[in-house]
Structures are given as C-alpha cells and as structure tokens.
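*Asks:* Dropping a structure here in structure tokens format, bear with me for questions.
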Amino acid sequence: MTSTFPFPQDFLWGVASAGHQVEGSNVNSDTWFLEHLPGSMFSEPSGDAVDHYHRYREDIALIASLGFTSYRFSIEWARIEPEEGLFSQAELDHYRRMLEACHEHGLTPVVTFHHFSSPQWLLAVGGWEGPRTAELFARYCDGVMAHLGDLIGVACTLNEPNLPWLLESFGIGGVAPEDRGSVPVWAAAAERLGVDASTVAAFQFCSTEAAFDVKLAAHRAATAAIKARRPDLLVGWTLANSDIQSIDGGQELADQVRRDVNERFLEASRGDDFVGIQTYGRTVYGPDGHAPAPEGVETNQMGEEIYPQALEATIREAHRIAGIPVIVTENGLATEDDAQRVDYLRVAVDCVASCLADGIDVRGYIAWTAFDNYEWVFGYGPKFGLIAVDRVTQQRTPKPSAYWLGRRAHAQAVPAA
C-alpha cells in the first residue's frame, strides 16, 4: 500500500545521469581508453552514448516537464582537464550552460565531480593509488567551483568509491598490483601508457588499502576545496551500499563484506553534510560466497533478485552509523518491463516515507536513471531509464514510470509541519 506520509516541501525528487554514460565521445577519459583495449572488460564502446552533450537543453526541459525538482549529473574531469594542468574554458562554459538550464527550468542541480571516469593522463601517474591524486583532484574541484560554484545546488565529490570492494566479494576484480601484468587489459594499458602494470589503478577496479586511503584523502581534500569557495554548499560523497544479508554458513563473510563495503565508508562520512545512498537490492552470502538469486523470484536484466525493500535497510544503516542527513542519489531497476519498474519505485518511495516517519533526515530521492544509457561494462543492454532512447534516431520517449514518479513527487511535496 502506498504511504501517505507527507514529504518535506524542499525534498529533492529527481533523476540521475553520469557524464560518460550519456554525453558521448568522452575521448580523453580513462574509461574510453579502457573500452578500446585488447581484453577490455567493457562489452562494447560508449561511442555517441545518448548525445546528451549536445541535447542537454531539451533533455533538461523534458525532465522538468515530468514533474521532477532536481537533476543529478556529473562533470567530466577528462573534459575540464584533458591534459594535466590544462583547463578548458570552453568545457567549463558548457557545464555552466547546463547548470543555467537547470535553474531556468526550476531544477536543483545535484553535481557529481567524479562519476567513475578520470582523465587518461591520471592513469599514467598512479591513478587512484597514486600519491598525487588527492591533490590533483582537489585542484580540479577548485577550478570547477571558481567557474561554476555559484550555480551548484548540492555537491557530490566521488561516486561509489566503495564499489570495487563489493565487486571483489563477487569474485570480480580485486587483482593485487603485483599481479596486474598477468591480466591482458591491464598489461595492454600499461604498454600504451608506458608505465608498469602494477601502477595502473582505475577508480572502478582497484580495491587495495592504498586505493581506500587515496579515495578518502581525495574526498576530504575536495570537500575542503569546495567549501573554501562556498561554505554554505552541501557536500558529501555517494556510496554503493547493498543490503548485505546471509544464509546458513555465510554470516562471517557477510559481516566482513558489510564492514569493508558499507560500515567503514559510512564511518568516514561522519562530519560531512550528507551521504548519498545508492542501493539496488540485497546481496546474500552463503558458505560458498555470494549466493545466487533464489529459484522462482523475479530478477532484473542482470539476473539479480528484484528486492526494492533493500533501500530502507541501507538508509537506516547510514543513519545509525554516519549520523548525518541522507540523500538517495541512485535507486532503480534494469528491466524491459516498465510496469515492473513502477512497482519497484512504489516500494522504494514507501521505504523512504517509512524512514521519514521515524524521524530519519532523508533529503531526497533521485532515481537511476534519467535515460536508457551506457551501463559501463554491460554496454547498452540493461535498461534502467525512465526515459527510453532510440539509439538510431536519439528520440526520447518518457515511460509510464517517469510519469508515475513525477506525479508522486507533486502529490507528496507538501509543506513540512
């Protein structure tokens, strides 16, 4: 049953995107570089994506027309600083026009400074294990704030810095630096960059303790740089927090994964203005590791159990451990069946309402994703979008789920007592 609990009037109702997944032709990024290497983990290259780089005006107008009040998108470091120390005024102006378009249409811009992809040159100087990375990232954030900071509504420093540890628990990634040379894609990357393979550390794929230290240092240095320009701006990072559960024989592993993936990152969030929670379902561990979806349950396009109730568990966990406001910065379902997506969204929004009713400070619900787009290693197969995109014509068509969530936003956005 749909909750009738009132949401605050200033609650953020939105949809999200990430630059590399929607803009197209992000040719100076490390992700574009990896997509085209022998042995790439990416099933296909991103190419033109959904051409959001050129179509952002009509896209932003469409998002606003559906009833949403915020739009989360990322600024591409690889466009802003295509070579180390070389900042592009033209690209800064491009993102300023995007921010202005959001304001023209009444959307609060929730801006992510780093959503997985980095400049290719960063890989050559140690990537996300490099000793200079925190300083370099903070310098980039300062440059962005100097030109764009007055128009940003909410700032997210890093997107899902904890994801590689979750993937490692599935048996994906987790390659030690000394073993990277034996992995074809890392060997090819090292050869083309002219570096040792042990130093090739892409954001999404490194789960070493050095990576944890560098990401945390980068987040804190970036927060300081952003706050130096705008002390009033809300700043946090966004975390890939699954509802981690266990079956018989899996409790010890589940506890360890929960500690590595969720708890220590939430502890590190204390003192931030908010933490972004990004949850898609639950992750269950048994005696042999990650347990597959139970027989007979509905699954998404990646074969994962559809379990929207997970969002309530991760919000409550974030509230308990971090003790700061929460924004749901991603939540959604990969499916071709949009009625299934509406059902998922209905349960997820009710989960948020339940948390609000218990006094938990949740500031927004931002669905993943605005458009059917490029889903990283999975390519264009998974359909998370509330708006369909014809890959030949680039025609946008809102799905019933977009109208449902937009109407829900209007119905629930009532003044707080």
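*Asks:* Consider L86 carefully, then state whether it is more than 29 Å from V342 (Cβ to Cβ) and surrounded by fewer than 18 Cβ atoms within 10 Å (Cβ to Cβ).
*Replies:* So L86 passes the test.
*Asks:* Take the residues of region 229-253 that are among the small types (G, A, S) and touching a helix residue (DSSP H, G or I) at 6+ places or on another chain (Cβ under 9 Å): which is farthest from A155 (Cα to Cα)?
*Replies:* S246
*Asks:* Given the residues V342, V347, V352, which is the only one that is closer than 30 Å to R396 by Cβ, under 19 Å from the mean Cα position of the chain (by Cα) and not charged (D, E, K, R)?
*Replies:* V352
*Asks:* Taking the condition of being charged (D, E, K, R) and within 19 Å of the chain's Cα centre (by Cα), how many residues in region 202-218 meet it?
*Replies:* Total meeting the criteria: 1.
*Asks:* Filter region 261-280 down to residues that are on the phi > 0 side of the Ramachandran plot and crowded, with 20+ Cβ neighbours inside 10 Å, then give me how many there are.
*Replies:* Number satisfying all stated conditions: 0.
*Asks:* Here are the criteria: (1) within 25 Å of E209 (Cβ to Cβ); (2) surrounded by 18 or more Cβ atoms within 10 Å (Cβ to Cβ); (3) out of contact with any Ser or Thr (no Cβ under 9 Å at 6 or more places or on another chain). Tell me which single one H319 does not satisfy.
*Replies:* Single failed check for H319: (1).
*Asks:* Within region 102-125, restricting attention to residues that are of a type in the set (S, T, N, Q) and part of a loop (DSSP other than H, G, I, E, B), which residue is nearest to I327 (Cα to Cα)?
*Replies:* Among residues in region 102-125 that are of a type in the set (S, T, N, Q) and part of a loop (DSSP other than H, G, I, E, B), the one nearest to I327 (Cα to Cα) is S117.
Okay, residues lined up against (1) open to solvent by 20 Å² or more (accessible area, probe 1.4 Å); (2) modelled with pLDDT of 95 or more; (3) closer than 30 Å to H103 by Cβ; (4) not basic (K, R):
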| position | (1), (2), (3), (4) |
| --- | --- |
| P119 | no, yes, yes, yes |
| L123 | no, yes, no, yes |
| D150 | yes, yes, yes, yes |
| E178 | yes, yes, no, yes |
| G181 | yes, yes, no, yes |
| A187 | yes, yes, no, yes |
| A225 | no, yes, yes, yes |
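*Asks:* Here is a further query. Between E330, E295, E304, which is open to solvent by 50 Å² or more (accessible area, probe 1.4 Å) and within 24 Å of L386 (Cβ to Cβ)?
*Replies:* Going through E330, E295, E304 in turn, just one is open to solvent by 50 Å² or more (accessible area, probe 1.4 Å) and within 24 Å of L386 (Cβ to Cβ): E304.
*Asks:* In this structure, does R258 turn out to be out of contact with any Cys (no Cβ under 7 Å at 6 or more places or on another chain), touching a residue at least 12 places away in the same chain (Cβ under 8 Å), surrounded by fewer than 18 Cβ atoms within 10 Å (Cβ to Cβ) and on the phi < 0 side of the Ramachandran plot?
*Replies:* It is false that R258 is out of contact with any Cys (no Cβ under 7 Å at 6 or more places or on another chain), touching a residue at least 12 places away in the same chain (Cβ under 8 Å), surrounded by fewer than 18 Cβ atoms within 10 Å (Cβ to Cβ) and on the phi < 0 side of the Ramachandran plot.
*Asks:* Regarding F7, is this residue within 17 Å of C102 (Cα to Cα) and among the aromatic types (F, W, Y)?
*Replies:* So F7 does not fit the description; no.
*Asks:* When the residues of region 232-255 are narrowed to those that are among the polar types (S, T, N, Q) and out of contact with any Lys or Arg (no Cβ under 8 Å at 6 or more places or on another chain), which ends up most open to solvent (accessible area, probe 1.4 Å)?
*Replies:* Going through the qualifying residues, I end up with Q251.
*Asks:* Further, regarding this structure: So how many residues does region 25-84 have that are assigned to a loop (DSSP other than H, G, I, E, B), farther than 22 Å from K399 by Cα and of a type in the set (A, V, I, L, M)?
*Replies:* Qualifying residue count, region 25-84: 4.
*Asks:* Name the pairs: first residue in region 140-151 and touching a residue at least 24 places away in the same chain (Cβ under 8 Å), second residue open to solvent by 40 Å² or more (accessible area, probe 1.4 Å) and not in a helix (DSSP H, G or I), Cβ to Cβ under 6 Å, at least 6 apart or on different chains?
*Replies:* Close Cβ pairs satisfying both conditions: G143/F87; G149/R230.
*Asks:* Among the listed residues V352, V342, identify the single one that is touching a residue at least 12 places away in the same chain (Cβ under 8 Å), outside any loop (DSSP other than H, G, I, E, B) and either polar (S, T, N, Q) or within 18 Å of G276 (Cβ to Cβ) (or both).
*Replies:* The unique qualifying residue is V352.
*Asks:* Restricting the search to region 355-395, which residues are open to solvent by 40 Å² or more (accessible area, probe 1.4 Å), farther than 19 Å from T299 by Cβ and not in a strand (DSSP E or B)?
*Replies:* Within region 355-395, A357, D358, G359, D361, D390, R391, V392, T393, Q395 meet the criteria.
*Asks:* Taking H115 and the conditions (1) within 24 Å of S401 (Cβ to Cβ); (2) in contact with a Cys (Cβ under 6 Å, 6 or more places away or on another chain), which numbered condition does it fall short on, given that it satisfies the others?
*Replies:* (2)
The values are calculated or read from the model by the stated rules, or taken from the named source; none is laboratory data. What you are looking at is a predicted structure, and each value in this text was computed from that prediction instead of being measured. All Cβ positions, even for glycine, are placed from backbone atoms using ideal geometry, and neighbour counts span all protein chains on display. The accessibility values were calculated without ligands, DNA or RNA, using every heavy atom of the protein model including side chains. Shrake-Rupley method; radii C 1.70, N 1.55, O 1.52, S 1.80 Å.
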